[in-house]
1. Any idea which of (1) free of Cβ contacts under 8 Å to residues at least 24 places away in the same chain; (2) farther than 26 Å from Ile99 by Cβ is the one Ile214 doesn't satisfy?
2. Of the numbered conditions (1) assigned to a strand (DSSP E or B); (2) at pLDDT below 95; (3) among the β-branched types (Val, Ile, Thr), Val172 fails exactly one; give the number of that condition.
3. Scanning for something touching a strand residue (DSSP E or B) at 6+ places or on another chain (Cβ under 8 Å), charged (D, E, K, R), modelled with pLDDT of 90 or more and part of a loop (DSSP other than H, G, I, E, B), does the stretch 13-21 turn up at least one residue?
4. Does Ala179 satisfy being touching a residue at least 12 places away in the same chain (Cβ under 8 Å), within 12 Å of Ala136 (Cα to Cα) and aliphatic (A, V, I, L, M)?
5. Just to check your reading of the model, which residue among Ser160, Ser235 is modelled with pLDDT of 95 or more, outside any loop (DSSP other than H, G, I, E, B) and either farther than 24 Å from Thr88 by Cβ or acidic (Asp, Glu) (or both)?
6. Residues being in contact with a strand residue (DSSP E or B) (Cβ under 8 Å, 6 or more places away or on another chain) and not in a strand (DSSP E or B): count how many of those fall in the stretch 72-82.
7. Identify, by number, the condition in (1) crowded, with 16+ Cβ neighbours inside 10 Å; (2) at pLDDT below 95; (3) of a type in the set (A, V, I, L, M, F, W, C) that Phe139 doesn't meet.
8. May I ask you to list the residues in the stretch 46-68 that are closer than 15 Å to Gly83 by Cα, outside any loop (DSSP other than H, G, I, E, B) and out of contact with any Leu (no Cβ under 8 Å at 6 or more places or on another chain)?
Amino acid sequence: MNKILTLLVLATTLFSCSSSDDNVNTDSILQKVVFYRDSPNEKHWNIENGLLTNITLSDGTVVEEFVYDSQNRVINDTKYVNGIVSETNVITYTPNNTIQSINGLPYTFNATTRTYTYSYGSDFTINCVVNADQLAVDFVRMGSNAGEYHMSYFNGDMTSFKKVANNTVDVVKNFDFDARIGANPIYASVLAVARVKSLTDPNFFIDSVTSTNIAGGYDRGTSDPNYYSYGYTSSTTNNPTHNIKDFSIGIEVLDNSMNTVEFYSFAEYIHQF
């Protein structure tokens with residue numbers, strides 16, 4: 001416990017001297033989040049009118065885009081590979097705002113157990129328990145491409161993520177949160193997408209992007225002794241037309257002796273106000 005508390009303090013102070021303006025302007029408009037900059041996994045999440053509209057590569061190539069209805073629900077999710085459509089999901093909703101169908105195939109929702117069920121004949125079945133925000137808690141696919149995802153939440157924050165493939169635990173992340181770090185700037189922007197991803201691609205949750213607060217760090221369980229500590233910085237730059245607010249998160253990988261193993265950029269939040 002002492003180690004975790006120490007690491008949480010480190011996470012909140014790692015970049016504390018990098019700027020005299022340490023708080024994100026919550027009145028500003030979030031335009032973009034850049035994940036894993038300067039790495040092969042770099043992705044740009046572009047936001048318009050407060051909603052995630054598309055995901056691009058660093059060169060601007062679109063890899064996924066989302067279309068919303070008048071109630072800000074995702075009704076179309078299209079993926080691209082080299083500019084060619086590779087997958088399209090068309091989503092409809094019930095009057096109660098639960099998902100009714102994906103690509104014309106019906107999903108049944110049990111309001112008492114908050115469970116979605118879907119069966120593709122004898123090929124495979126899907127059972128997905130969601131929380132009050134309609135986000136996946138337990139996703140189980142049986143039959144072809146069998147697999148499981150299990151998430152736990154506390155006060156709107158996703159505290160753990162587990163992926164099981166071929167009856168073997170593939171990924172585990174246990175997240176820590178500290179109220180001093182603050183609210184997650186992208187939470188509202190991705191919520192509608194996350195509700196669809198709960199049924200189509202639960203791996204979307206691997207970085208706890210739908211939590212109401214920003215995580216302070218995480219561990220991967222007994223298979224990985226390292227701790228992944230988040231650090232934060234913010235700064236404002238000016239140009240002739242507008243101000244840009246940058247809020248950045250870096251991850252410092254620490255071993256059991258609190259030695260730095262690695263450091264890399266996780267996310268950069270870009271605002272305009």
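1. It fails just one condition, (1).
2. Here Val172 meets the rest and fails (2).
3. There is no residue in the stretch 13-21 that is touching a strand residue (DSSP E or B) at 6+ places or on another chain (Cβ under 8 Å), charged (D, E, K, R), modelled with pLDDT of 90 or more and part of a loop (DSSP other than H, G, I, E, B).
4. Details: touching a residue at least 12 places away in the same chain (Cβ under 8 Å): yes; within 12 Å of Ala136 (Cα to Cα): no; aliphatic (A, V, I, L, M): yes.
For Ala179, the condition - touching a residue at least 12 places away in the same chain (Cβ under 8 Å), within 12 Å of Ala136 (Cα to Cα) and aliphatic (A, V, I, L, M) - is not met.
5. Values: Ser235 fails: modelled with pLDDT of 95 or more.
None of the other options fit; the residue is Ser160.
6. Within the stretch 72-82, residues that are in contact with a strand residue (DSSP E or B) (Cβ under 8 Å, 6 or more places away or on another chain) and not in a strand (DSSP E or B) number 2.
7. If we test Phe139 against (1) crowded, with 16+ Cβ neighbours inside 10 Å; (2) at pLDDT below 95; (3) of a type in the set (A, V, I, L, M, F, W, C), just (2) comes out false.
8. Hits for the stretch 46-68 are Asn54, Ile55, Thr56, Val62, Glu64, Glu65.
The values are calculated or read from the model by the stated rules, or taken from the named source; none is laboratory data. Please read these numbers as outputs of a predicted model, since none were measured by experiment. Every residue, glycine among them, receives a Cβ derived from its backbone with ideal geometry; neighbour counts consider all protein chains shown.
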